[in-house]
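Contents: one structure, followed by commentary.
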Amino acid sequence: MRDLLEKAVDHGRGLGAEFVDIRVGRVERTSLTIQEGVLKEVRSGYEEGAAIRVLYRGAWGFVSVNRVSWGELRRGVEEAFSAARALSTRVRRRARVVELPALSDRVVHKFRRDPRDVGLDEKIGDVTTYESLLRSRGFVRSTSVTYADIVGEKVYASSDGRYVEQGFGYAWLYTWVTGREGAVVASARDERGSIEGYVIWDRWSPEDIAKLVLGRLEKQLRAKTPRGGVFPAVLAPEVLGVFVHEAFGHLAEADLTLSGSAISDKLGKRVASSLVTIVDDPTIPGGFGTYRYDDEGVEARPAVLIERGVVKELMVDREHAALLGQRPTGNARAESYRVPPLIRMRNTVLKPGDHSVEELFEGIRYGYYLVSFRGGQANLDGTFQVGVQEAYEIVNGEVRDPVRNMSISGNTLDTLKEVDAVAKDFEIGYGRCGKGQTVFVSDGGPHVRVRKIVVGGAR
């Protein structure tokens, strides 16, 4: 494989390319969905192919091929070069890349239990058992559970002498349940996963997950509507994680930053409380965004986005690292060999502080405890909205009644300035992020208190 890829890379350089890289992807996938006790879909398959990029006079050419052979790679390199040459007369800003020292490495992905060694019947049986537990309560009206595992290897070769072979693996479980009591309709979701293989049911028993989801749904059905207005709040790790990812993380992806995000002119400036340090960290054990090398063969390192309230750096790929004069972070990720890599988050977290969780509730006469999210979105101008599916009133420092149909919104930077206490605990969640392509990510942190946040509800 190495000789073949390096031969193709050399062919691209021989045509006159400034930079060439090839990324081979080999992937085995299994997925299944059960709805209302019925197995609706089962998919499995294997795919292999290569992504070819060529940089010529500041323009990129990209081609993917479905077979890894000399003939296909040569054709792909030549087509990518032709595309780059055609675009080179039209580009407004000529692209450059950071070239790195030559390197050769092989990273073996270690599983506790390889999903490929688990039969489809066992996977269907486990998900069926779990889904049946979700239908055990009378208020449940519909259920949908999806399980998927993706296992494979990426092989990367580039014209600056990089050659990396790297294994990877994800197992993912997604739950959506709706219920009804009288005129009240509610829903609850849950998402979790592992990079250690088929171990989800070892880490969390079907009974425990079902109990959590059904408890969340039941509270939604019987909860009160929150007051609308501005209140203090304590954010649990799951809600904090989606806020950090959606509301701030995307602003710090260099391609979006340079497109005019709310921090485009904030490097080196204070944008948050001094208690806030946000890091996109690919070294967190077990995270969905944990890996050694990105899809440009770059060593992945933690990117310190905010340090004690000050914007320190952005997440970059090779091109944006060259443009900004920044050390590469290893944030280039691609959904598959069929598409070029983009700047993507990995494990985006707010670092723990010094308080106990209990201390965060002290002194709040009336506010909210936000535990679990339903969805979130943010805009480049820094405005955000997050739906909350599990939340409680805080009255005189104590957690009281649950509330339903809650949302929080506001301006990201204004909200980060309102952080006045950060706990010592730490937890990450597992999910997916879409940015034209879908990749697996983790986010999270500790419990955090904000002095005020906008709550949507009844007035």
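What to note about this one:
- The residue that is modelled with the lowest pLDDT, counting only those in region 401-420 that are under 16 Å from T225 (Cβ atoms) and not hydrophobic (A, V, I, L, M, F, W, C), is N405.
- Q437 surrounded by 17 or more Cβ atoms within 10 Å (Cβ to Cβ), touching a strand residue (DSSP E or B) at 6+ places or on another chain (Cβ under 8 Å) and either of a type in the set (D, E) or touching a residue at least 12 places away in the same chain (Cβ under 8 Å) (or both): no
- Residues in region 259-299 that are β-branched (V, I, T), buried (at least 16 other Cβ atoms within 10 Å of the Cβ) and either closer than 22 Å to V422 by Cβ or touching a His at 6+ places or on another chain (Cβ under 9 Å) (or both): I263, V271, V276, T277, I278, V279, I284.
- Verdict on R270 being charged (D, E, K, R) and under 16 Å from E313 (Cα atoms): yes
- So A95, is it touching a residue at least 12 places away in the same chain (Cβ under 8 Å), surrounded by 15 or more Cβ atoms within 10 Å (Cβ to Cβ) and of a type in the set (A, V, I, L, M): yes
- Condition met for V77 (without any contact (Cβ under 8 Å) to a residue 40 or more places away in the chain and in contact with a helix residue (DSSP H, G or I) (Cβ under 7 Å, 6 or more places away or on another chain)): no
- Restricted to region 330-421, the set of strands (runs of 3 or more DSSP E) holding at least 3 residues that are touching a Gly at 6+ places or on another chain (Cβ under 6 Å) and within 30 Å of L214 (Cβ to Cβ) comprises 347-350, 383-395.
- Looking across G138, G167, one residue alone is surrounded by fewer than 18 Cβ atoms within 10 Å (Cβ to Cβ), in the same structural domain as V118 (by TED's automatic domain parsing) and in a loop (DSSP other than H, G, I, E, B). It is G138.
- Looking only at residues of region 309-361 that are surrounded by fewer than 17 Cβ atoms within 10 Å (Cβ to Cβ) and of a type in the set (D, E), we find that the one that is nearest to the chain's Cα centre (by Cα) is D354.
- Residues being free of Cβ contacts under 8 Å to residues at least 60 places away in the same chain and small (G, A, S) - total across region 167-186: 4
- Within this structure, G58 passes the test of being out of contact with any Ser or Thr (no Cβ under 6 Å at 6 or more places or on another chain) and surrounded by 15 or more Cβ atoms within 10 Å (Cβ to Cβ).
- Count of region 380-409 residues, restricted to those that are of a type outside the set (A, V, I, L, M, F, W, C) and under 24 Å from E359 (Cβ atoms), is 9.
- Residue in region 375-386 that is without any contact (Cβ under 8 Å) to a residue 40 or more places away in the chain, acidic (D, E) and assigned by TED's automatic domain parsing to the domain that holds G241 present: no
- Qualifying residue in region 187-200 (condition: within 25 Å of the chain's Cα centre (by Cα), free of Cβ contacts under 8 Å to residues at least 60 places away in the same chain and more than 29 Å from E358 (Cβ to Cβ)): yes
- Test: residue in region 25-40 that is more than 30 Å from L323 (Cβ to Cβ), surrounded by 15 or more Cβ atoms within 10 Å (Cβ to Cβ), free of Cβ contacts under 8 Å to residues at least 60 places away in the same chain and not assigned by TED's automatic domain parsing to the domain that holds P341: no
- Being surrounded by fewer than 15 Cβ atoms within 10 Å (Cβ to Cβ) and either in contact (Cβ under 8 Å) with a residue 24 or more places away in the chain or more than 22 Å from D317 (Cα to Cα) (or both) is a property that Y46 has.
- Within the set G152, G161, G167, the sole residue that is farther than 25 Å from F373 by Cα, more than 25 Å from the chain's Cα centre (by Cα) and not basic (K, R) turns out to be G161.
- Here is the figure for region 117-138: residues that are among the hydrophobic types (A, V, I, L, M, F, W, C), out of contact with any Asp or Glu (no Cβ under 7 Å at 6 or more places or on another chain) and under 16 Å from Q35 (Cβ atoms) total 3.
- Counted residues, region 224-241 - those being modelled with pLDDT of 95 or more and not in a strand (DSSP E or B): 6
- Condition check for G289: under 30 Å from F168 (Cβ atoms), touching a residue at least 12 places away in the same chain (Cβ under 8 Å) and in contact with a Lys or Arg (Cβ under 9 Å, 6 or more places away or on another chain): yes
- Test: residue in region 196-217 that is of a type in the set (V, I, T), surrounded by fewer than 19 Cβ atoms within 10 Å (Cβ to Cβ) and assigned to a strand (DSSP E or B): no
The values are calculated or read from the model by the stated rules, or taken from the named source; none is laboratory data. All values derive from a computational prediction rather than experimental measurement. Every residue, glycine as well, gets a Cβ built from its backbone with ideal geometry; the counts of neighbours run over all protein chains shown.
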